[in-house]
Amino acid sequence: MLGTIYDRQKQPEKAIDAWMEAVRLDPEDGGTCQNLGYLFLEQKDYEKALYWLTEAVRRNPGQAVAHYYRGDLLDANGERAAARDAWEKALAADPEGYVGRWARRALEENPLPMAETQS
């Protein structure tokens, strides 16, 4: 909660510190990892963002938002097949919601090249 307050007050360093403390207190909380991943994404620290979003889905595989943003980061890294896998998981986790709509659009706009579909 404190991390959210700092984030809304545009104090990202304090928000990151607060969420890191939350992870220390509850290491298996995927929501906290998702929050960290998104904060690092906003800070354009893509390596840390990918790490924390990956941790979020490892700890809670049903987190549609974490899967979606993880897919965007993987796609930006040129890892199209892994990105599509992440978007498919986001869609499965939220088939009727807004994240599912984002994921469906990402899948439609980013098809696998023919060579990758035949392997």
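The ranking of ARG80, ARG70, ARG105 by Cβ neighbour count inside 10 Å, starting from the fewest, reads ARG105, ARG80, ARG70. Starting from the Cα of LYS44, draw a straight line to each of the lysines and keep only those under 16 Å, dropping any in the same chain fewer than 8 residues away. Straight-line reach from LYS44, under 16 Å: LYS10.
Put a plus charge on the Cβ of each Lys and Arg, a minus charge on the Cβ of each Asp and Glu, and nothing anywhere else: the dipole of the range 24-89 about its Cα centre is then about 60 debye. Note: relative contact order over the range 19-119, using C-alpha pairs below 8 Å and six or more positions apart, is 19 percent.
Inter-part distance, the range 82-102 to the range 1-67, computed on C-alpha centroids, equals 19 Å. Taking the charge dipole of the range 2-114 about its Cα centre, with +1 at Lys and Arg Cβ atoms and -1 at Asp and Glu Cβ atoms, the residue from ASN77, LEU107, VAL23 reaching farthest to the positive side is LEU107. Charges were assigned to the Cβ only: +1 to each Lys and Arg, -1 to each Asp and Glu. The resulting dipole of the chain about its Cα centre is roughly 140 debye. Placing pseudo-labels 7 Å out from each Cα toward the beta carbon at ASP26 and GLU79 gives an inter-label distance of 2.7 nm.
For LYS48, the lysines whose Cα comes closer than 17 Å to its Cα, not counting residues fewer than 8 places off in the same chain, are LYS14.
Under a Gaussian network description of the chain, with springs only between Cα atoms under 10 Å, the residue in ALA83, ALA49, ALA22 that fluctuates furthest is ALA22.
Between rounded, prolate and oblate, where does the chain land on the alpha carbon gyration tensor, with a ≥ b ≥ c its root eigenvalues, rounded for a/c under 1.5, else prolate if a/b exceeds b/c? In terms of gyration-tensor shape, prolate.
A short reminder: the numbers here are calculations on the coordinates, not readings from a lab. Computed from a prediction, not measured in an experiment: that's the story for all the values here. Neighbour counts are summed over all protein chains in view; Cβ atoms, including those assigned to glycine, are modelled from backbone coordinates with ideal geometry.
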